[in-house]
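Taking it in order: structure first as structure tokens, then the write-up.
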Amino acid sequence: MSGPVIVNPELLKKVADELGLAAAVVARTVYRSLNSVAGKNTTRSRREVVSRVNLKDKYVRDRMDLQKASPKRATAVIAARRRSTTLATYGALQKVKAAPEPKNGKRRHPLRGDPLRGIPAGKIQAGISVSVKRGSGRKIVKGGKSFFVPLQAGSKGGAANGFGVFIRTGSGRSAIRHQYGPSVNDVLRQVFPDIQPDVQAELEAALLRQARYEFGKALGK
């Protein structure tokens, strides 16, 4: 998290010592509390990400991970893939327009279109539109100077029908650049500060509940 949620088990240890309880009881209290709160907020974080950007829930779920705490490691981490998300994943759509009339009134070749890229016969491409922020509407990439390029097999990664969104950077055939949107990790880092106060409060409450249970169980109550 941006600004981690901190657990201070010193008070629990002091109470456990006064009651004659083993350190393992405190460790169990801490890691079980951490995992309970982290599991709940992994789901909350994922839903927050989906509410902010135009990514499918499954796509975000597959790129998030919960590293659970253990008796020897009093840390739980909600993490996400840092690799940038291809811009095509953000609902990329081909824009088209009528082809300009040839100067001599004749075309050397008929405009057959390209069904794979969504260009009908008689039309030409007019850029790619995407929708990155949830509910913000669609925008044309780079003023209409964007286009679809097929990605290599096995590299689709949620892109539009196996295509990536590219822009031209020069006059050569290879002078193009793949365009990317925010990664799941980028959005998650924006979510964390907003939910951090709630998580801290939930963790403190969870520690108290778990301590009552663990301490009571160890004392035979």
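Excluding Val37 itself, calculate the net charge of residues whose Cβ lies under 13 Å from the Cβ of Val37, where each Lys or Arg counts +1 and each Asp or Glu counts -1.
Numbers: positive: Arg32, Lys40, Arg44, Lys68, Arg209; negative: Asp198, Glu202, Glu204.
Counting the neighbours of Val37, the net charge comes to +2.
How much length would be gained if the chain were fully extended between Val15 and Ala99, taking 0.36 nm per residue of separation minus their Cα-Cα distance, in nm to one decimal?
Details: separation 84, 0.36 × 84 = 30.24 nm, distance 7.92 nm.
Gain in length upon complete extension: 22.3 nm.
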With n ≥ 4 as the cut-off for DSSP H runs, can you work out [θ] at 222 nm for the chain, using -39500 (n - 2.57) per run divided by the number of residues, rounded to the nearest 500?
-12500 deg cm²/dmol
How far is it, in nm, from the label point at Ala175 to the one at Gln152 when both lie 7 Å from their Cα along the line to the Cβ?
2.4 nm
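How charged is the neighbourhood of Thr85? Take every other residue with its Cβ under 11 Å from the Cβ of Thr85, and add Lys/Arg as +1 and Asp/Glu as -1. Can you show the working numbers first?
On the way: positive: Arg63, Arg81, Arg82, Arg83; negative: Asp186.
Local net charge: +3.
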Taking only Cα atoms of the chain, what ratio of Rg to Rh do you get with Rh as the Kirkwood inverse-distance radius?
1.24
Among Pro193, Pro100, Pro71, which one moves the most in a GNM of the chain with springs linking Cα atoms closer than 10 Å?
Pro100
Using modelled amide H (1.01 Å from N, peptide plane; none on Pro or chain starts), what sits under 5 Å from the amide H of Ser183, excluding residues fewer than 5 places away?
Thr85
Sequence order, the stretch 132-146: Karplus ³J(HN,Hα) from phi using 6.51 cos²θ - 1.76 cosθ + 1.60, θ = phi - 60°, Hz rounded, Gly and Pro as x, gives 8, 7, 4, x, 9, x, 8, 10, 7, 6, 6, x, x, 8, 10
Using modelled amide H (1.01 Å from N, peptide plane; none on Pro or chain starts), what sits under 5 Å from the amide H of Val53, excluding residues fewer than 5 places away?
Arg134
Quick one: which residues, 5 or more positions from Val96 or on another chain, have an amide H under 5 Å from its amide H? H modelled 1.01 Å from N in the peptide plane, none for Pro or chain starts.
Ala126
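Each value in this text was obtained by applying a stated rule to the coordinates, not by laboratory testing. Given the structure is predicted, the values throughout are model-derived calculations rather than measurements. Here Cβ is always computed from backbone atoms with ideal geometry, including for glycine, and neighbour counts include all displayed protein chains.
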